[in-house]
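Chemist: Once you've had a glance at the structure underneath, I'll fire off some questions.
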Amino acid sequence: MSQANSKAVLDRETDARFWAQTQYKSGQRLDPTDPTDRAMMRVWLDIFAKVQREDRAGHLTLTYNHPVVERSLDDARLALHAAAAHLEAAVQAPDPVRAQQHAEAAATATTTASSASQAAAALQPATVSPAVVTAAATEAATAAALPPPARIVESLPPDHPAVSSLAAQPVLPPQVATAPAGRPPQPPAMPGRPFAVAQAVSAPGVSVAVHEAAQARADQGAPPPTGTLPPQTIAELRDIAIAVAEETHAPYVGVTCSPQQQWSWLMFPSLTAAADWYGTITDSPELFVYAAYYDQTSDVWPQPINEVFGTGQAITVTARPEREGMSGAMIAVLAALGVAGIAALASASSRKGQP
């Protein structure tokens, strides 16, 4: 099933891979009004295109909800925050000794962030394109009126994995992926921007190292990252959730699957109420395997308005229900999940979950 409309999962996966494989502003969303963030957006978009391609081909590798990836990226976020604070303190410290101490603390925090990001990247498919990162870093440096970074990718031999591997190739067209942006230099006026520019300029080396590490793991016989759910299970969870939502005959429905393989649903008086429920439940991803909400009156139906895979224990789903009413789809769902009492399900759907 194509997920062309609901892209929340793809956004989250792209964020995780972008943060881990560039080490740029881990845990922070990019701001298009910030020149450095705007430069790095082409990297995010290229990774998103690759994640979207995985999803459409039916072999999406989910890593954003992996406990190690989550913890590592959060560690990187905290360490980068500490590094930025120490750098600011170093600049403002009147005492040279104190300034040096802050500078050393910033360097230590940056190293910690780098190690945490590498731990996350090791559990992901190598997705970042060093050529795109180099173009973004050059744009960021130019916008900050700084010399361009070294063209590290151009100096690599043709058989280097950052050059030759399919995963390193851009998906975006060249005029977007690697063309110069042509924007005039801008002074670094935003708080924390010099540190962000430094992260952007160092990102090409980080992206090259991602592909070197992936090749080293492959050479050692390590299996490629498999993600938190098999791609087939991802598709099946989505299909079952649609069948559950459809059987309610309600326009606005939220559906969840618990780690215990129990499906539940709520019917809402408005799409806003459904969105509020979704925003609340997704604050506790450990409580579910899958959550989504639907608007059966919209053009995107049967795709969800929003969906997310939680960190609950992965389950294996074998049902492939056709949407053919209670006698078909829901019987298949119930049989697959081991839930007894079709009559109870039918009656519950008329009682359950008014917000």
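The values are calculated or read from the model by the stated rules, or taken from the named source; none is laboratory data. Fair warning: this is a prediction, and the values are worked out from it, not measured in the lab. Don't worry about glycine lacking a Cβ; one is built from the backbone with ideal geometry, like all the others, and counts go over all protein chains shown.
Chemist: Does residue 9 qualify as being in contact (Cβ under 8 Å) with a residue 60 or more places away in the chain, in a helix (DSSP H, G or I) and β-branched (Val, Ile, Thr)?
Modeler: yes
Chemist: Do any helices (runs of 4 or more DSSP H) entirely within region 54-169 hold 3 or more residues that are in the same structural domain as residue 200 (by TED's automatic domain parsing), of a type in the set (A, V, I, L, M, F, W, C) and surrounded by 15 or more Cβ atoms within 10 Å (Cβ to Cβ), and if so, which?
Modeler: On the way: elements: 67-92, 96-121, 130-143, 161-164.
Fully inside region 54-169 and qualifying: 67-92, 96-121, 130-143.
Each row is one residue, and each column tells you yes or no for (1) over 20 Å from the mean Cα position of the chain (by Cα); (2) outside the structural domain of residue 35 (by TED's automatic domain parsing); (3) of a type in the set (Phe, Trp, Tyr); (4) on the phi < 0 side of the Ramachandran plot.
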{"position": "195", "(1), (2), (3), (4)": "yes, no, yes, yes"}
{"position": "198", "(1), (2), (3), (4)": "yes, no, no, yes"}
{"position": "205", "(1), (2), (3), (4)": "yes, no, no, yes"}
{"position": "212", "(1), (2), (3), (4)": "yes, no, no, yes"}
{"position": "243", "(1), (2), (3), (4)": "yes, yes, no, yes"}
{"position": "246", "(1), (2), (3), (4)": "yes, yes, no, yes"}
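Chemist: Which numbered condition trips up residue 257, out of (1) crowded, with 22+ Cβ neighbours inside 10 Å; (2) under 22 Å from residue 15 (Cα atoms)?
Modeler: (2)
Chemist: For region 108-133, what are the residues that are over 9 Å from residue 76 (Cβ atoms) and hydroxyl-bearing (Ser, Thr, Tyr)?
Modeler: Hits for region 108-133 are 108, 110, 111, 127, 129.
Chemist: State all residues of region 12-49 that are of a type outside the set (A, V, I, L, M, F, W, C) and buried (at least 24 other Cβ atoms within 10 Å of the Cβ); if no residue qualifies, say none.
Modeler: 13, 17, 21, 22, 23, 24, 25, 26, 35, 36, 46, listed by residue number.
Chemist: Let me ask another. Within region 233-254, which residues are farther than 15 Å from residue 302 by Cβ and either touching a His at 6+ places or on another chain (Cβ under 7 Å) or surrounded by fewer than 22 Cβ atoms within 10 Å (Cβ to Cβ) (or both)? Show your work before the answer.
Modeler: Looking only at region 233-254, we keep the residues that are farther than 15 Å from residue 302 by Cβ, and these are 233-234.
The answer is 233, and nothing else.
Chemist: Does residue 172 satisfy the condition of being surrounded by 17 or more Cβ atoms within 10 Å (Cβ to Cβ), assigned to a loop (DSSP other than H, G, I, E, B), within 19 Å of the chain's Cα centre (by Cα) and not acidic (Asp, Glu)?
Modeler: It is true that residue 172 is surrounded by 17 or more Cβ atoms within 10 Å (Cβ to Cβ), assigned to a loop (DSSP other than H, G, I, E, B), within 19 Å of the chain's Cα centre (by Cα) and not acidic (Asp, Glu).
Chemist: Which number in (1) under 30 Å from residue 303 (Cα atoms); (2) in a helix (DSSP H, G or I) marks the one condition that residue 269 misses?
Modeler: (2)
Chemist: Could you list all residues from region 253-270 that are farther than 17 Å from residue 290 by Cβ and under 25 Å from the mean Cα position of the chain (by Cα)?
Modeler: None - no residue of region 253-270 is farther than 17 Å from residue 290 by Cβ and under 25 Å from the mean Cα position of the chain (by Cα), so the list stays empty.
One line per residue, one yes/no per condition, for (1) under 17 Å from the mean Cα position of the chain (by Cα); (2) of a type in the set (Ser, Thr, Tyr):
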{"residue": "45", "(1), (2)": "yes, no"}
{"residue": "52", "(1), (2)": "yes, no"}
{"residue": "56", "(1), (2)": "yes, no"}
{"residue": "72", "(1), (2)": "yes, yes"}
{"residue": "75", "(1), (2)": "yes, no"}
{"residue": "78", "(1), (2)": "no, no"}
{"residue": "84", "(1), (2)": "no, no"}
{"residue": "97", "(1), (2)": "no, no"}
{"residue": "105", "(1), (2)": "no, no"}
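Chemist: Filter region 272-299 down to residues that are surrounded by fewer than 17 Cβ atoms within 10 Å (Cβ to Cβ) and more than 25 Å from the chain's Cα centre (by Cα) and give me whichever is nearest to residue 311 (Cα to Cα).
Modeler: My answer is 296.
Chemist: Just to check your reading of the model, which residue among 25, 7 is more than 19 Å from residue 134 (Cα to Cα), in contact with a helix residue (DSSP H, G or I) (Cβ under 8 Å, 6 or more places away or on another chain) and basic (Lys, Arg)? It would help to see each step written out before you state the result.
Modeler: Details: 25 fails: more than 19 Å from residue 134 (Cα to Cα).
From the options 25, 7, the qualifying one is 7.
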